[in-house]
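Student: Sending over a structure as structure tokens; questions will come in a sec.
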Amino acid sequence: MKRREFISLLGGAAAWPLAARAQQSKIPVVGFVQGGSWNARRAAAFRNGLNETGYVEGQNVTVEYHWLDGQYDRLPTLMADLVRRVAVIATPGSNPASLAAKTATATVPIVFGVGEDPVKLGLVASLARPGGNATGINFFGQEVATKRLGLLHELVPKAVRIAVLVNPANAPSAEAALRAIPDAARATGLQTQFLNASTSEEIEAAFATLLRDRADALFVAGDAFFVSRRVQLATLTARHAIPAIYSLREYVEAGGLMSYGTDDLDRFRQAGIYTGQILKGAKPADLPVMQSTKFEFVINLVTARAFGLEVPPTLLARADEVIE
């Protein structure tokens, strides 16, 4: 081989990594922020939505996952970092993360998932015409409170005092629960007692208060931190035979008694679809806010029997899934 040819080959070889790096740098980055702990099924559902729009993680899009584990105080610093370097911020299941993203940027597209009215939260101008840099899914976190309380009362008809567990660190969700649940409880003839918990230790303390005050049942408000502590909650309710109702099926799969709420995985898939559409050039202002249409009612018969509860056939007939 001639010297000139050898040098030419070396130059070509050296250029390949540079070209590869240049091509790689063009791959858009999505900042995915969730309030709870790592959840493989939610992440997979989000990726499935991206796939439906032609985006495959690791090939033509990078997803940077941030699971807060209830540490909402991390949000300002995290969002300040993300807005400098990502193409889209996705917050499919966290009111605090969605609000923090909106506070941090008016230009980087945001795909949110919130349990309250996104117009009242200040995320969008209207559901049909969001009008800014944010759009996403409203999954009716508080609107189903009356239904959830009614199901709990139907299973435990003698219950009068209901303890309601909220996370004050998730202020929008906690405040919405404080507004909605007392009215819903009065409609079904129930009394409510609110208990706060933002850490595992505070969950233990809340149960001590619940037992001291002789609450008949427990209503766990929607919150990503509580989802990440679902095993702890299921264990405590089982230990003390406290009937409880939750917002998501994941609690019931962990041993909780029953849940009623929107289809969580469908919401994350829809968020992935909107994220992919925005990466393709769609504007959040032109994508109407979706509203969840799939709801799930799940009962754990094993837990019910352990509590000595007889589940009415009418309730079983309405369940979307019965865990036996």
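Student: When V114 is evaluated against the numbered criteria (1) surrounded by 21 or more Cβ atoms within 10 Å (Cβ to Cβ); (2) modelled with pLDDT of 95 or more, which criterion, by number, is the only one it fails?
Tutor: (2)
Student: Here are the criteria: (1) open to solvent by 10 Å² or more (accessible area, probe 1.4 Å); (2) more than 22 Å from the chain's Cα centre (by Cα); (3) β-branched (V, I, T); (4) over 22 Å from E116 (Cβ atoms). Tell me which single one T199 does not satisfy.
Tutor: Here T199 meets the rest and fails (2).
Student: For residues in segment 120-138 being out of contact with any Leu (no Cβ under 7 Å at 6 or more places or on another chain) and of a type in the set (V, I, T), which is nearest to S292 (Cα to Cα)?
Tutor: That would be I137.
Student: Is at least one residue of segment 259-273 part of a loop (DSSP other than H, G, I, E, B) and open to solvent by 20 Å² or more (accessible area, probe 1.4 Å)?
Tutor: Within segment 259-273, the subset part of a loop (DSSP other than H, G, I, E, B) is 263.
Now restrict to residues that are open to solvent by 20 Å² or more (accessible area, probe 1.4 Å): 263.
Checking segment 259-273: at least one residue is part of a loop (DSSP other than H, G, I, E, B) and open to solvent by 20 Å² or more (accessible area, probe 1.4 Å).
Student: Still on this structure, please answer the following. Contact list please: Cβ distance under 6 Å, first residue in segment 142-159 and on the phi < 0 side of the Ramachandran plot, second residue at pLDDT below 95 and assigned to a loop (DSSP other than H, G, I, E, B), pairs at least six apart or on different chains.
Tutor: L149/T188; G150/T188; H153/T188
Student: Can you name every residue in segment 275-300 that is open to solvent by less than 20 Å² (accessible area, probe 1.4 Å) and either assigned to a helix (DSSP H, G or I) or of a type in the set (D, E) (or both)?
Tutor: Hits for segment 275-300 are T275, G276, I278, P284.
Student: Identify, please: which residue in segment 71-94 is within 12 Å of the chain's Cα centre (by Cα) and open to solvent by less than 10 Å² (accessible area, probe 1.4 Å) and is, among those, farthest from G131 (Cα to Cα)?
Tutor: Per the stated criteria, the residue is S94.
Student: Identify all residues within segment 218-242 that are open to solvent by less than 10 Å² (accessible area, probe 1.4 Å) and either free of Cβ contacts under 8 Å to residues at least 12 places away in the same chain or of a type outside the set (A, V, I, L, M) (or both); write none if there are none.
Tutor: If the condition is that a residue be open to solvent by less than 10 Å² (accessible area, probe 1.4 Å) and either free of Cβ contacts under 8 Å to residues at least 12 places away in the same chain or of a type outside the set (A, V, I, L, M) (or both), then F219, F225, F226, T237 are the ones that fit.
Student: Oh, and also: What tally of residues in segment 144-173 results from selecting those that are part of a helix (DSSP H, G or I) and either surrounded by fewer than 22 Cβ atoms within 10 Å (Cβ to Cβ) or touching a Cys at 6+ places or on another chain (Cβ under 7 Å) (or both)?
Tutor: Matching residues across segment 144-173 total 9.
The values are calculated or read from the model by the stated rules, or taken from the named source; none is laboratory data. Treat the numbers as computed from the prediction; the structure is a model and nothing was measured. As a convention, Cβ positions derive from the backbone with ideal geometry for all residues, glycine included, and neighbour counts pool all protein chains shown. Side chains are part of the model used for accessible areas, which takes the heavy atoms of the whole protein and leaves out ligands, DNA and RNA. Shrake-Rupley method; radii C 1.70, N 1.55, O 1.52, S 1.80 Å.
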